[in-house]
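Only one structure is covered here, and it is reproduced in the block below.
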Amino acid sequence: MQKGPLKPANRARFQVAALLLREERARVKTDPSLSDAERANEQKRLDGLAGILAKTAARDTSLITLLADDAPVTAAAKALRRDLLLAAGMELSPDELIITTDPKPVDAQAEKQVVPQSVRQLQMSNPFLAPDFSAVTQKPARVNQLANWELIEPLFRAFEYGAGGGAASMELPEANSLKTPGKLELMRHQARFVEEVKAGHRTFLLADEPGLGKTAQALLAASVSNSYPLLVVVPNVVKTNWAREVALWTPQRTATVVHGDGNDVDAFSDVVIVNYEVLDRHVGWLGRFGFKGMVVDEAHFIKNLTSQRSKHVLSLAKSIRAASPKALFMALTGTPLINQIDDFRAIWQFLGWIDEKKPLPVLMDKLEDTGLTPADFGFFSEARQAVIDMGIVRRKKVDVAADIPARRIADIPVELDDDLGRSIREAEAALTARLVDRYQRRLALRKSEEAKSPDKYSGEIDKDRLIRMVAHEELEESKSAKTGENVFTMVRKIGQAKAGLAADYTAQLARNVGKVVFFAKHIDVMDTAEAHFIKAGLGTVSIRGDQTPRARQAAIDAFDQDPAISVVVASLTAAGVGLNLQAASNVVLAELSWTSAEQTQAIDRVHRIGQELPVTAWRIIAAQTIDAKIAELIDSKAGLAARALDGSDIEITAEGSVQLEALVSLLAGALE
């Protein structure tokens, strides 16, 4: 590192060192042949090595990505790891001895690709796509004062810090009419959005708060711009509902839903609806189909650029844009920011505003028009507005739908007095003791190094930084651990312990106020709750991830229409997006999510257009456990979206996951 910029070979060495260190730490942690003293000595030695890696990464922050569990390992790094282990006399498996080069993603997916028979028939009936010469008029961005500036990070920072406040929503024209091709009328905020599409705008991040009718706006935008055939990519749980919405808002158009291998696809339909989970099988023919528009629902699903889901969506967008440069592109999400401002990156790439390194021509021209650079005062405010004008539309319920009643979140603390509750508190105490022990060893190592080389260190030890480093190590080990107690197993146990209490509270609510939506993360918690409701004589339905779309829709319809159904037991992940459960006005959150966005999405299945009653979300919190801290952290995370999108000046917490912050809180509290 001290000799200058790292070359690929040295980056590989660094990653292999991190891999071997992680493997050795896992071995030491579970090796039954080691005594407690020997294990502590080995862990102290490994902590010293981890400290060296951390200091190295601090000199070149690009190395930090190589420390992640999911960092891709190159063939060169695999070979180096093998050679080092062989030189150390280790016995390796055949898979470790033979190093193969990873196939390209396209080749890896080739065997999965299918082309439905209906698509083949369409291709035979119309083998040639009409040429689109509009690309000829596209001009490259002019080269000017921003040509050599790094701009992506400054743009993100402009949103993170608010850049002067103001809601992140472009100016929209007034609508001439609220009428639609169907029998329903639009609300004013919806009609204004459709009017902007009529005026010719074609790329949008539609980030209205959940419950403000983004589906209707997207379908009518496609209608007024004649963006057919239209591709709609959605979570599995809502694809049947999207087909219903097509018939409701644009009855003159037809829709087909892609299931499995697509054997029942009607390729002659106007709207093709496909879920993220089956994109890998259909990305080939979808990319060649000749779509004139693409809608991505719950667009925060693609925030991880390394995931296959994100790669498929971006590949399809690139293909459609190349064939039809004036195609309509819409990213729909009420929660575009989950944990960090970088969550914007994949969405902006999908919309064609940026690529991996820089703004693309249209956005670059807008930035050049400001006449400012990132070094100039006022750049961040102007740059933020330039991105907003590319097509960010964000409206809040309180501003555009005053007739939607208020909502509130109420915390219900419960005491876990049984054996499981005691074991949870014991596990939390053991985890805290482990964190403190690791911190003390880290601190002792730092003081030892300072004593040996006093000239190398200056100033007091940054204990806050040391706490975060220890918490990060614990979190990374927990993610890869298959056994033992950690923050994830503890939270799951808390959910299991709360299940009966949460179900009992829900049953009381159902008897007193009517229908209730019960949300949980884990199947065993849902099973416990359903058994409790049946025993209490309450009619229930369930919404889970393993249901067919037809069964899921039947459950939703029963909850909406059958007075005998009092409770819907719903999975946070399977039912937390895109569904309409406004037959209820009370929500019980039996288990906490790891993100504010997931919690908001769940509550907004009830708090949406058409709701006539005030909505209350009851969070069941296990008192005197880490559960209470997680609830507090989830609430603080809501500040990022408020500041970036809603013009709030609320202070936001430091970036990082709720899991990490919870561990930091445990350790800091113990040290105090």
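The values are calculated or read from the model by the stated rules, or taken from the named source; none is laboratory data. Just so it is clear, the model here is predicted, and its values are computed rather than measured. Cβ: placed from backbone, ideal geometry, glycine included. Neighbour counts: every protein chain shown.
Structure notes:
- Failed criterion for L212 (all others in (1) under 29 Å from Q308 (Cα atoms); (2) at pLDDT below 90; (3) crowded, with 20+ Cβ neighbours inside 10 Å; (4) not aromatic (F, W, Y) hold): (1)
- When each of G639, G656 is tested for being under 26 Å from F380 (Cα atoms), at pLDDT below 85 and not in a helix (DSSP H, G or I), the lone residue that passes is G656.
Each row is one residue, and each column tells you yes or no for (1) touching a His at 6+ places or on another chain (Cβ under 6 Å); (2) at positive phi; (3) surrounded by fewer than 16 Cβ atoms within 10 Å (Cβ to Cβ); (4) at pLDDT 80 or above.
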{"residue": "A57", "(1), (2), (3), (4)": "no, no, no, yes"}
{"residue": "D70", "(1), (2), (3), (4)": "no, no, yes, no"}
{"residue": "R81", "(1), (2), (3), (4)": "no, no, no, yes"}
{"residue": "M90", "(1), (2), (3), (4)": "no, no, yes, yes"}
{"residue": "S93", "(1), (2), (3), (4)": "no, no, yes, no"}
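- Annotation: of all residues in region 461-481 being under 24 Å from the mean Cα position of the chain (by Cα) and over 14 Å from L660 (Cα atoms), the one that is surrounded by the fewest Cβ atoms within 10 Å (Cβ to Cβ) is S480.
- Of all residues in region 568-590, none are at positive phi, at pLDDT 90 or above, not aliphatic (A, V, I, L, M) and not assigned by TED's automatic domain parsing to the domain that holds L212.
- Among (1) over 13 Å from V516 (Cα atoms); (2) touching a residue at least 24 places away in the same chain (Cβ under 8 Å), the one test that D546 misses: (2)
- Boolean, N241 is in the same structural domain as L332 (by TED's automatic domain parsing) and exposed (fewer than 15 other Cβ atoms within 10 Å of the Cβ): no
- Residues of region 166-184 include at least one that is within 31 Å of the chain's Cα centre (by Cα), closer than 29 Å to F379 by Cα, at pLDDT below 85 and surrounded by fewer than 21 Cβ atoms within 10 Å (Cβ to Cβ).
- Test: residue in region 191-201 that is without any contact (Cβ under 8 Å) to a residue 12 or more places away in the chain and either under 26 Å from G287 (Cβ atoms) or not assigned by TED's automatic domain parsing to the domain that holds L351 (or both): yes
- Residue match in region 265-277 (condition: of a type in the set (S, T, Y), closer than 23 Å to R192 by Cα and part of a helix (DSSP H, G or I)): no
- Among the conditions (1) part of a loop (DSSP other than H, G, I, E, B); (2) touching a residue at least 60 places away in the same chain (Cβ under 8 Å), the only one that D47 does not satisfy is (1).
- Residues that are more than 17 Å from P154 (Cα to Cα) and in contact with an Asp or Glu (Cβ under 9 Å, 6 or more places away or on another chain) do occur in region 339-361, at least one of them.
- When L286 is tested against (1) within 21 Å of the chain's Cα centre (by Cα); (2) outside any strand (DSSP E or B); (3) within 16 Å of A327 (Cα to Cα), exactly one condition is not met: (1).
- Test: residue in region 312-319 that is outside any helix (DSSP H, G or I), surrounded by 23 or more Cβ atoms within 10 Å (Cβ to Cβ) and in the same structural domain as L155 (by TED's automatic domain parsing): no
- Residues that are modelled with pLDDT of 80 or more, more than 25 Å from A590 (Cβ to Cβ) and not assigned by TED's automatic domain parsing to the domain that holds Q582 are absent from region 543-552.
- Residue match in region 324-334 (condition: of a type outside the set (D, E), in a helix (DSSP H, G or I) and surrounded by 17 or more Cβ atoms within 10 Å (Cβ to Cβ)): no
- Residue ID - surrounded by the most Cβ atoms within 10 Å (Cβ to Cβ), chosen from residues in region 529-559 that are polar (S, T, N, Q) and in contact with a strand residue (DSSP E or B) (Cβ under 9 Å, 6 or more places away or on another chain): T540
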